[in-house]
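Report on the following structure.
Every read-out reported here was derived from the displayed coordinates using simple, explicitly stated rules and does not represent laboratory data. Given the structure is predicted, the values throughout are model-derived calculations rather than measurements. Here the Cβ positions follow ideal geometry from the backbone for every residue, glycine too, while neighbour counts run over all protein chains shown.
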Amino acid sequence: MQPVLVTGGAGFLGSHLCDRLIERGHEVICVDNFFTGRKANIAHLIGHPRFELIRHDIVHSLTVEVGRIFNLACPASPVAYQFNPIKTIKTSTVGMVNVLGLAKRCRARVLQASTSEVYGDPQVHPQTEDYWGHVNPIGPRSCYDEGKRIAESLCMNYSQAHGVETRIIRIFNTYGPRMDQNDGRVISNFIVQALKGEPLTIYGDGKQTRSFCFVDDLLEGMQRLMDLDDNDTGPVNVGNPGEYSMLELAQAVLEVTGSKSPIDYRPLPKDDPTRRCPDISKAKRLLGWEPRIDLKTGLEKTVTYYRKQLAEE
Ligand code: NAD
Ligand code: UDP
């Protein structure tokens, strides 16, 4: 069995993926430039005989021999990906070319971590994979959205032109332990604010919706898609169709934490999508997958993690 490469392996999703792959007996090469990733996420794997860590930026080419590549390298939080937008674009474009070039040489299968952001501020609801999206190509989110759209195009083109086996997973908002508490995404913000007794920052009127998937569910879907021996599936949505407004989410976080934090309304960031909800019929049909963990259970597990983190500070 050839090693599995996980780019972005020290990040939130990547580190959980490394754990699962090690558990399943794989040899894992984790590559990360530590922009948003943390050594703490993978510290427990250092020294494991089947785990190897390489500090590397995928914008530069990498020579390793691997059988499969999970390409997760890319900041995911709007705060992080807008910090250096040109770098974000390079990661999803030049980085993707490097990953696909490596796959071509090694005859490796590639799974690209795409995103619901390819749908932009969607006019079709819930979002199906055949919807082309509604993206502002010059807005503040475009470095991420358009980068991921080009990455999808590169996957399709390397598959058609060079026979590289590619899988595209369109991930909808995913949360859980190991999301950096300063990451800036809504669930980590709300939980940390609630636990510290600080106001929960709601952007806009809080009526915008998102669909939140617990990390374990997401990774199960990701692994099933990677294992699928079908090269013509195209992108597959993986997310939890339970749709919540940010006001409902804030309420749920207050209930789970028992916090009395007030709500603090802040300006809505430009181009913030109004609604987000996956149609997961394709994942159900192709992968036999659907999420099992509801929001309350997922929040409880995540709150336990942050309580421990804060207690250790
Ligand atoms: P994250 O920020 O925790 O992880 C990203 C990792 O990639 C970090 O460890 C970071 O240091 C690394 N990285 C960034 N640029 C790199 C580069 N140029 N070279 C090497 N490493 C680099 O975010 P996450 O939530 O774990 O997201 C992982 C992937 O899943 C990303 O590609 C993201 O776009 C995608 N995704 C995540 C979500 C979600 O809700 N979590 C939703 C949609 C898509
Ligand atoms: N959001 C919020 N308060 C926060 C952080 C985010 O109300 O402290 C909102 C944000 O405006 C968006 C939703 O929560 O409408 C999800 O934001 P996140 O950054 O988690 O992900 P994305 O916008 O990429 O889906």
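Odds and ends about this structure:
- Largest-first principal axis extents of the Cα set of the stretch 155-313 (Å): 55, 34, 26
- A protection proxy built from the mean count of other Cβ atoms within 10 Å ranks the segments 23-36, 282-295, most packed first, as 23-36, 282-295.
- With each label modelled as a point 7 angstrom along the Cα→C-beta vector, the Gln123-Arg38 pair spans 4.1 nm.
- Each principal axis of the Cα cloud of the stretch 256-313 was taken in turn, and the coordinate range along them, longest first, works out to 43, 32, 20 Å.
- Distance-filtered residues of the stretch 157-182 - backbone nitrogen under 14 Å, label point 7 angstrom along Ile150 Cα→Cβ: none
- 3J(HN,Hα) along the stretch 81-95, derived from phi through the Karplus expression 6.51 cos²θ - 1.76 cosθ + 1.60 where θ = phi - 60°, amounts to 6, 8, 4, 9, x, 5, 5, 4, 4, 4, 4, 7, 10, 4, x Hz, with x in place of Gly and Pro.
- Loop-located trypsin sites (Lys or Arg not before Pro) in the stretch 50-135 whose Cβ has at most 15 other Cβ within 10 Å (DSSP): Arg50, Arg107
- Kirkwood hydrodynamic radius over Cα pairs of the stretch 215-292, then Stokes diffusion coefficient at 10 °C and 1.306 mPa s, in µm²/s: 104 µm²/s
- Spin-label model distance (nm) - Phe83 vs Thr233, 7 Å beyond Cα toward Cβ: 3.2 nm
- Among Val124, Val215, Val66, the residue with the largest mean-square fluctuation in a Gaussian network model of the chain, with springs joining Cα atoms closer than 10 Å, is Val124.
- Here the label points at Trp132 and Thr63, each 7 Å from Cα along the C-beta direction, are separated by 4.2 nm in the simple model.
- Violating pairs (Cα-Cα greater than 20 angstrom) within the set Lys87/Lys148; Lys148/Lys207; Lys39/Lys296; Lys196/Lys308: Lys148/Lys207; Lys39/Lys296
- Between the stretch 42-109 and the stretch 169-202, the Cα center-to-center distance that results, in Å: 24 Å
- Selection of chymotrypsin sites (Phe, Trp or Tyr not before Pro), the stretch 141-218, meeting DSSP coil and at most 15 other Cβ within 10 Å: none
- Along its first, second and third principal axes, ordered by size, the stretch 81-154 spans 40, 29, 13 Å in Cα coordinates.
- Taking θ as phi - 60° and the Karplus parameters 6.51, -1.76 and 1.60, the scalar couplings of the stretch 272-281 work out to 5, x, 7, 9, 8, 7, x, 8, 10, 4 Hz in sequence order, x denoting glycine and proline.
- The alpha carbons of the chain give a radius of gyration and a Dmax of 18.6, 57 Å, in that order.
- Taken over the stretch 2-59, the alpha-carbon convex hull comes to 69 cubic angstrom per residue.
- Residues whose amide H falls under 5 Å from that of Leu5, counting only those 5 or more places apart or on a different chain, are Ile29, Gly67, Arg68, Ile69, Phe70, with hydrogens built in the peptide plane.
- Contact order normalised by residue count of the stretch 183-313, Cα under 8 Å, 6+ apart, percent: 39 percent
- Listed residues Glu300, Glu146, Glu165, most fluctuating in the chain (Gaussian network, C-alpha, under 10 Å): Glu300
- J(HN,Hα) series, the stretch 25-33, from Karplus relation 6.51 cos²θ - 1.76 cosθ + 1.60, nearest Hz, glycine and proline x: x, 7, 8, 10, 10, 9, 10, 7, 9
- Cα long-axis angle, helix 12-23 against the chain (0 to 90 degrees, to the nearest 10): 50 degrees
- In this structure the amide hydrogen of Gly184, modeled in the peptide plane, comes within under 5 Å of the amide hydrogens of Asn189, none closer than 5 places in sequence on its chain.
- Here the Gaussian network model covers the chain, with springs between Cα atoms less than 10 Å apart; of Asp229, Asp279, Asp145, Asp229 fluctuates the most.
- For the stretch 114-195, fraction of C-alpha pairs farther apart than 20 Å, in %: 49 percent
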